[in-house]
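The block underneath contains the structure these notes are about, expressed in structure tokens.
None of the figures in this text is laboratory data; all of them are computed from the coordinates on show. On a predicted model such as this, the values are computed, not experimentally measured, just so you know. Note that we place each Cβ from the backbone using ideal geometry, even for glycine, and neighbour counts take in every protein chain shown.
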4 protein chains.
Amino acid sequence: MTVSEAMSHPAVSVSTGTPLRQVAREMAEYGVGSVLVTEGGTLRGIVTDRDLALGALAGGLDANDAVDSVMTSPVVTVSVTDDIHTAYRTFRGSGFRRLPVLDGHRVVGVLTVDDMLIDVFQRLADLLGPVAWSVLEESPGPPSAETR
Amino acid sequence: MTVSEAMSHPAVSVSTGTPLRQVAREMAEYGVGSVLVTEGGTLRGIVTDRDLALGALAGGLDANDAVDSVMTSPVVTVSVTDDIHTAYRTFRGSGFRRLPVLDGHRVVGVLTVDDMLIDVFQRLADLLGPVAWSVLEESPGPPSAETR
Amino acid sequence: MTVSEAMSHPAVSVSTGTPLRQVAREMAEYGVGSVLVTEGGTLRGIVTDRDLALGALAGGLDANDAVDSVMTSPVVTVSVTDDIHTAYRTFRGSGFRRLPVLDGHRVVGVLTVDDMLIDVFQRLADLLGPVAWSVLEESPGPPSAETR
Amino acid sequence: MTVSEAMSHPAVSVSTGTPLRQVAREMAEYGVGSVLVTEGGTLRGIVTDRDLALGALAGGLDANDAVDSVMTSPVVTVSVTDDIHTAYRTFRGSGFRRLPVLDGHRVVGVLTVDDMLIDVFQRLADLLGPVAWSVLEESPGPPSAETR
């Protein structure tokens, strides 16, 4: 099983130099918690909603300042063709919760801890068999918000 | 088992009217992803790092604006004496990832999805027995960041 | 949440003195992996399919010998009113995979590691929200056999 | 990650024609719940402790009868070089709890549901990071028995 089968988040990218205001708007529009920062198609960094909040507000930046000032760089990544176990090890080794997924040099998505928890859940379901389904008759409720 | 045994996050609170800049600084200082908003000791709302990022930057607010404008209110809560299963149902029913924990009317902590995942992990460990520990000989790596 | 909500296996009981052949027939008829041994309504022991296989065949017993010779006694039990966390701790502390459930002195069921794994699965589903269901669209396949 | 990295149970084998008594003794000596049945090095069947108990005692067989009468045949297997996800699918599709592992035609081990649960546990630990270890300070108790 490869990374491409587990990732469920699109790669939302902005160019280096993009104002923080625009980065926040992309996060809101696409419902994502991180945005990748590229330069001429090459990945330069990653910025999360928390980076924006703390960098811009606590750090005294302005909404017109460039994303470069708060992004994390260089970025730990995984390849779209990596075995999913490589991704587990990378999450474990890095402590990050979101990893950009590369196809060669091109960014094709973001792999999150939530994607991996779904993989854990699926494995457990495989082992428990049909009884697992029978106990889940109750409606699961509203979608889980990404960040609260 | 009660909520008090599972919660691991302190209750970081600010008063209504606190500027967004100050809220962001509290999040940075205490390493938390949400801050509770109180008025005269009574819980009025909750604000996450994402609320700050999107509200202030995408929404055009200023770092001096009051937290009231971006907080979620009213707030879904759990009681410190609730059975942990009540908390599971509340997470499921609400879709939120952080729930303030009340002792009467006083806020005593925040219960997060990560706290609950640790509870799931502990249960699985109880069932697997000593073999679970023997496979975990490898160093677990750096701490998991709260939001990336 | 109490033990009574998690247990899914009936209490199949035989009297002390019951021949091993009859015990095996009860296991086959009710599709269970263990049978409780009682004397005048009081729990005296528990016997598993493995106890039968090893005791009778490897140990040189006869199918007409009494169950008393292979049962485990005394038995670690849980109460039907115990919190489910007491059961987790009992599984962890004892290393057993099946625990008779008592209502006072009366045996009302058997709690198994599989019951507890279903509880773990349900908790994880509560935390993952609706996305958990969406990934389980595939048919789960045939029932999991108890012992192979 | 391949099947070879997850399997922890040795392949205990007997020849077709082996008496049930001897099969039970092998299970006791090696602490396993299933024994493979081979003929000239080729896998012919698998027999569990439950098959022995129910077949020999409930079915009226004698301890001197041959294992062939109670074994399951043909056997669902996995290859030692299969990706672990193939094994998950095979457990799910078959409903069995133990799968012989083949290297070509040679049997090299047995993969159990417990091996797979350990894999699930390890994945969850990878995602939770160091906090997972910190909550497991308590001694894990005695080894989990294979079948009770």
Karplus 3J(HN,Hα) series, Hz, for the stretch D:61-69 with 6.51 cos²θ - 1.76 cosθ + 1.60 (x for Gly, Pro): 7, 10, 4, 8, 5, 7, 4, 3, 6
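How long are the semi-axes of the equivalent ellipsoid of the stretch A:5-83, taking √(5λ) for every eigenvalue λ of the Cα gyration tensor, in whole Å from largest down?
Over the Cα atoms of the stretch A:5-83, the semi-axes work out to 23, 13, 11 Å.
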Copies compared at residue D:65 - label distances in nm, ascending, label defined 7 Å from Cα in the Cβ direction: 1.9, 8.1, 8.1
Residue exposure sequence - C:49, B:115 - by fewest surrounding Cβ within 10 Å: B:115, C:49
Mean separation of Cα contacts under 8 Å (6+ apart) over length of chain A, as relative contact order %: 28
Percent of Cα pairs exceeding the 38 Å cut-off, where the set is the protein assembly as shown: 39
Position residue D:76, label points 7 Å along Cα→Cβ, spacing to each other copy in nm (shortest first, one decimal): 3.1, 3.7, 3.8
Amide H contacts under 5 Å for residue D:14, placed H, 5+ residues apart: D:36, D:37, D:38
Base-10 log of normalised Debye intensity for chain C (one unit scatterer per alpha-carbon) at q = 0.20 Å⁻¹: -1.22
Candidates D:20, D:117, D:102: whichever shows maximal mean-square fluctuation once chain D is modelled as a Gaussian network with Cα springs under 10 Å: D:117
Ordering of D:57-63, D:126-132, B:103-109, A:33-39 by packing [mean C-beta count within 10 Å, highest first]: A:33-39, D:126-132, D:57-63, B:103-109
Rounded tilt (10° steps) of D:84-94 against the dominant C-alpha axis of chain D: 50
Residue-averaged 222 nm ellipticity for chain D, from DSSP H runs of 4+ at -39500 (n - 2.57), nearest 500: -9500 deg cm²/dmol
Shortest-first nm distances, residue A:19 label point to equivalent points in other copies (7 Å, Cα→Cβ): 2.1, 9.0, 9.1
Cα centroid separation, the stretch A:75-136 to the stretch A:7-32 (Å): 21
Of all chain B residues, the one whose C-beta is nearest the axis that brings B onto A, in angstrom: B:53, 2
P(r) histogram, all alpha-carbon pairs of the stretch B:43-120 included - 10 Å bins from 0, percent: 17, 44, 28, 11, 0
Cα-based helix-to-principal-axis angle, B:20-30 vs chain B, degrees rounded to 10: 20
